[in-house]
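Engineer: I have a structure here, written as structure tokens, and I will follow up with some questions on it.
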Amino acid sequence: MHKRRRPLIAGNWKMFKGGPTGLALARACVEVADALHHVEVVIAPPYTVLAAAAAECDGSRVALAGQNVHARTEGAFTGEISASMLADSGCTWVIVGHSERRQHFGETDALVADKVRAAFDGALTPIVCVGETLEEREAGRTLEVVRRQVEAFAPILGKLSDGRLAAAIAYEPIWAIGTGKTAGPREAEEVHLAIRTWLHDHGADLAHDTRILYGGSVKPENADALLACANVDGALVGGASLDAASFGAIARAAEAIAHATSH
Ligand code: PGA
């Protein structure tokens with residue numbers, strides 16, 4: 001097995017860790033990342049601590065992500081945030097189309113595509129999330145659903161991704177998010193490989209370079225097996241990213257695999 005893509009470990013804090021506890025966590029993540037050489041580390045704190053977390057992470061190996069972005073650059077959209085606002089707060093990344101956004105806030109494939117475009121326009125690199133529900137998996141529709149989600153934004157990646165702004169895709173089966181259930185490595189790899197194959201239609205480099213992260217109850221105990229899969233290039237971590245020790249253990253698992261495969 002030979003992996004050329006640099007592993008990406010991203011922590012999605014969701015609506016947790018505002019205020020001083022968020023800053024302490026950001027500081028702890030800086031320490032974790034300082035000891036790593038092969039892994040890229042991204043954290044997505046709540047908006048209220050982004051700017052202060054950016055100061056904590058300044059000059060470190062931790063990059064910041066927004067958890068969401070509006071599709072427009074500005075306007076009368078109470079409660080929303082634009083790509084340039086995220087960039088001004090120190091973000092270089094943004095999570096787009098998380099299943100919680102799709103489920104609870106009505107985000108459609110078309111809106112997700114608009115947000116991906118907005119991220120690129122604002123010089124943010126998107127981590128675009130896809131994934132099926134339990135019902136869809138049980139009906140044997142996983143690949144059909146994930147393909148539809150990927151095809152909605154893949155043409156934009158084909159046009160706008162470049163070396164500097166190479167998007168990542170996170171495959172997160174909804175039934176595995178926050179439930180303690182994970183897709184096994186075989187189930188994950190099947191979908192990751194399929195996504196890479198579909199990306200080929202939009203560019204060989206795109207398919208080769210795009211990092212496809214796995215998400216859904218990733219923990220230190222299951223990280224090794226998932227990250228060892230040929231087409232799993234990192235993880236989008238929710239619950240376990242709220243604790244620097246477990247987030248660190250996941251990042252070190254990615255580091256060990258990247259180190260082993262770089263020789
Ligand atoms: P989880 O969340 O690790 O808590 O399952 C993952 C995510 O929602 O990105």
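The values are calculated or read from the model by the stated rules, or taken from the named source; none is laboratory data. No experiment lies behind these values; they were computed from the predicted model shown. Virtual Cβ from ideal backbone geometry, glycine too; neighbours counted across all protein chains shown. Note: areas computed on protein heavy atoms with side chains; ligands, DNA, RNA excluded. Shrake-Rupley method; radii C 1.70, N 1.55, O 1.52, S 1.80 Å.
Engineer: Would it be correct to say that E151 is open to solvent by less than 70 Å² (accessible area, probe 1.4 Å), closer than 22 Å to K14 by Cα and among the charged types (D, E, K, R)?
Structural biologist: Against the criterion (open to solvent by less than 70 Å² (accessible area, probe 1.4 Å), closer than 22 Å to K14 by Cα and among the charged types (D, E, K, R)), E151 does not qualify.
Engineer: Any chance you could count how many residues in segment 113-153 are farther than 14 Å from A83 by Cα and assigned to a loop (DSSP other than H, G, I, E, B)?
Structural biologist: 6
Engineer: Could you check segment 154-185 and list, in sequence order, the residues that are over 17 Å from G215 (Cβ atoms), of a type outside the set (G, A, S) and either within 15 Å of the ligand (Cβ to nearest atom) or part of a helix (DSSP H, G or I) (or both)?
Structural biologist: Matches in segment 154-185: P155, I156, L157, K159, L160.
Engineer: Please determine, by comparing only the residues of segment 202-217 that are closer than 22 Å to R4 by Cβ and under 16 Å from the mean Cα position of the chain (by Cα), which one is surrounded by the fewest Cβ atoms within 10 Å (Cβ to Cβ).
Structural biologist: In this case the residue turns out to be D209.
Engineer: Report, by residue number, each residue of segment 141-166 that is small (G, A, S) and at pLDDT 95 or above.
Structural biologist: Those that are small (G, A, S) and at pLDDT 95 or above: A152, A154.
Engineer: Within segment 196-223, count every residue that is closer than 15 Å to I169 by Cα, among the charged types (D, E, K, R) and modelled with pLDDT of 95 or more.
Structural biologist: Count: 2.
Engineer: Could you identify the single residue in E107, E74, E151 that is farther than 18 Å from L213 by Cβ, in contact (Cβ under 8 Å) with a residue 12 or more places away in the chain and among the acidic types (D, E)?
Structural biologist: Matching residue, one of E107, E74, E151: E151.
Engineer: Could you list, in sequence order, the residues of segment 178-195 that are within 22 Å of E40 (Cα to Cα) and open to solvent by 20 Å² or more (accessible area, probe 1.4 Å)?
Structural biologist: P185, E189, L193
Engineer: Of L236, L199, which residue is open to solvent by less than 10 Å² (accessible area, probe 1.4 Å) and out of contact with any helix residue (DSSP H, G or I) (no Cβ under 9 Å at 6 or more places or on another chain)?
Structural biologist: L236
Engineer: Further question on the same structure: Quick check on my filter: what residues within segment 218-263 are acidic (D, E), part of a loop (DSSP other than H, G, I, E, B) and more than 17 Å from the chain's Cα centre (by Cα)? Even if it seems obvious, please write down each step before you answer.
Structural biologist: If we filter segment 218-263 for residues that are acidic (D, E), which is where we start, we get 221, 224, 233, 243, 255.
Checking which are part of a loop (DSSP other than H, G, I, E, B) leaves us with 233, 243.
Selection gives D243 alone.
Engineer: Which of the residues belonging to segment 132-148 are open to solvent by 30 Å² or more (accessible area, probe 1.4 Å) and in contact (Cβ under 8 Å) with a residue 12 or more places away in the chain?
Structural biologist: T133, L134, R137, L143, R147, R148
Engineer: Determine, yes or no, whether A194 is under 19 Å from V145 (Cβ atoms), outside any strand (DSSP E or B) and more than 16 Å from the ligand (Cβ to nearest atom).
Structural biologist: Numbers: under 19 Å from V145 (Cβ atoms): yes; outside any strand (DSSP E or B): yes; more than 16 Å from the ligand (Cβ to nearest atom): yes.
Judged against the criteria, A194 is a match.
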